[in-house]
Amino acid sequence: MKPVFVLNGPNLNMLGLREPETYGRESLEDIQRLCKTAGARLGLSIEFRQTNIEGELVSWIQESRGMACGLVINAAAYTHTSVAIHDAIKASNLPAVEVHLTNVYKREPFRHKSFVSGVAAGVICGFGSHGYELALEALSRIVTQTSKN
Ligand code: DQA
């Protein structure tokens, strides 16, 4: 089975230090460990990456086509601004699950618009790092069903 690309956008490298009252005290490394553990349980290998650069995220999504079985993506602030990421996910032809640590709908109105949701299989937000595990479970089900057809 091809790996799942778990892609993280800007400022998520600051987790643990950044606004802990909003994002919690876990680091991105802790989340990577959690994803690897969940992946092992679900029989999925995990390619976990983070970048602060929009174009790099676009290139990784392009790379996922043919290389990955699906995407888990927390595009962070680019979620709310990036047509390029929307287009790249669409072009990947892969199932994508959008994740946010926080419940973006409880926050500022500018976080209520997502360019990712319209090309995602589903969205998980508000459950902190556990959302990544939930996303991998959802993706595992989609990928297994697809390979049975
Ligand atoms: C975030 C929510 C975004 O609005 C914000 O810009 C982030 C993180 C989240 O995981 O809750 O950087 O994607």
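The values are calculated or read from the model by the stated rules, or taken from the named source; none is laboratory data. Everything numeric here is computed off the predicted structure, so don't read it as measured data. Virtual Cβ from ideal backbone geometry, glycine too; neighbours counted across all protein chains shown. Only protein heavy atoms, including side chains, enter the accessible area calculation; ligands, DNA and RNA are left aside. Shrake-Rupley method; radii C 1.70, N 1.55, O 1.52, S 1.80 Å.
Structure summary
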item	result
All positions within region 128-148 that are surrounded by 14 or more Cβ atoms within 10 Å (Cβ to Cβ) and either over 17 Å from Leu34 (Cα atoms) or touching a His at 6+ places or on another chain (Cβ under 9 Å) (or both)	Gly131, Ile142, Val143, Thr144
Any pair with Cβ under 9 angstrom, 6 or more apart, that starts in region 1-21 at a residue that is on the phi > 0 side of the Ramachandran plot and ends at one that is open to solvent by 10 Å² or more (accessible area, probe 1.4 Å) and within 9 Å of the ligand (Cβ to nearest atom)	Asn11/Arg18; Asn11/Ala76; Asn11/Ala77; Gly16/Tyr23
Members of region 115-145 that are small (Gly, Ala, Ser) and part of a loop (DSSP other than H, G, I, E, B)	Ala120, Ala121, Gly126, Gly128, Ser129
Flag if Pro109 is out of contact with any strand residue (DSSP E or B) (no Cβ under 7 Å at 6 or more places or on another chain), of a type outside the set (Val, Ile, Thr) and crowded, with 16+ Cβ neighbours inside 10 Å	no
